[in-house]
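Derivation of every value follows stated rules applied to the coordinates shown; laboratory data play no part. Computed from a prediction, not measured in an experiment: that's the story for all the values here. Positions of Cβ are backbone-derived with ideal geometry, glycine not excepted, and every protein chain shown enters the neighbour counts.
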Amino acid sequence: MGGAKAHKPSAKRPNIILINMDDMGYGDLTVTGAQGYSTPNIDRLSFEGVRFTQFYSPSSVSSASRAGLMTGCYPNRIGIYGAIKPETGIGVHPDETFISQIVKEVGYTTAVVGKWHLGSEFEYLPLQRGFDEYFGLPYSNDMWPYGYLVRPGEVP
């Protein structure tokens, strides 16, 4: 490890859960004022853990906001400007460090569940970016021809 101190998992080390939801606003959870529906499971996570109440997404677009969250970089600086389409050869460059790689260095086990949307080719997928487990979609499920398509006159 080149002189780096090896870390062992600690029973006192907290779990880290990052939730990235497209199109979610601050008031969309019961804990932050939503009315007409409830979000009890996310509310419970909020009450039992640490809740960060001020965060600005680096982009309003799916892939770019995820790239910012995973790398801590402005997405434009690392070449991610919008939503990455399937099989375009575009993704976060392998030289960029992901948060998953950083926490693994101190003994965490990592997983990602849900929409990845940071490149669909092998070298851009989560298992190549420091995640131990991955269950989800490599891009948005509404991207044609690979996802859901509603033709004129059809009801989804």
Exercise for review: Largest first and in whole Å, give the semi-axes of the stretch 59-150's equivalent ellipsoid, each being the square root of 5 times a Cα gyration tensor eigenvalue.
Suggested key: 22, 16, 11
Check your understanding: Applying the Karplus parametrisation 6.51 cos²θ - 1.76 cosθ + 1.60 with θ = phi - 60° to the phi angles of the stretch 115-130, what ³J(HN,Hα) value in whole Hz is obtained for each residue in order, glycine and proline being reported as x?
Key -> 6, 7, 6, 10, x, 9, 6, 3, 5, 9, 6, x, 5, 8, 10, x
Check your understanding: Ranked highest first by average number of other Cβ atoms within 10 Å, how do 101-108, 69-76, 52-59 line up?
Key -> 69-76, 101-108, 52-59
Check your understanding: Under the Karplus relation 6.51 cos²θ - 1.76 cosθ + 1.60, θ = phi - 60°, what is the ordered set of whole-Hz ³J(HN,Hα) values for the stretch 65-82, x standing for Gly and Pro?
Key -> 5, 5, 4, x, 5, 6, 10, x, 9, 5, x, 4, 5, 9, x, 10, 10, x
Study note, to complete from the structure: Computed from the beta carbon distance with a Förster radius of 22 Å, FRET efficiency for ILE17 and LYS104 to the nearest 0.05 stands at 0.90
Exercise for review: List the residues whose amide H sits under 5 Å from the amide H of TYR134, counting only those 5 or more places along or on another chain, with H placed 1.01 Å from N in the peptide plane.
Suggested key: VAL112
Check your understanding: What ³J(HN,Hα) values, in whole Hz, does the Karplus curve 6.51 cos²θ - 1.76 cosθ + 1.60 give for the stretch 28-39 when θ = phi - 60°, with x put for Gly and Pro?
Key -> 8, 10, 4, 5, 10, x, 4, 10, x, 7, 10, 10
**Study point:** Rough spin-label spacing in nm, given labels placed 7 Å along Cα→Cβ, for ASP95 and ASN76
**Key:** 2.1 nm
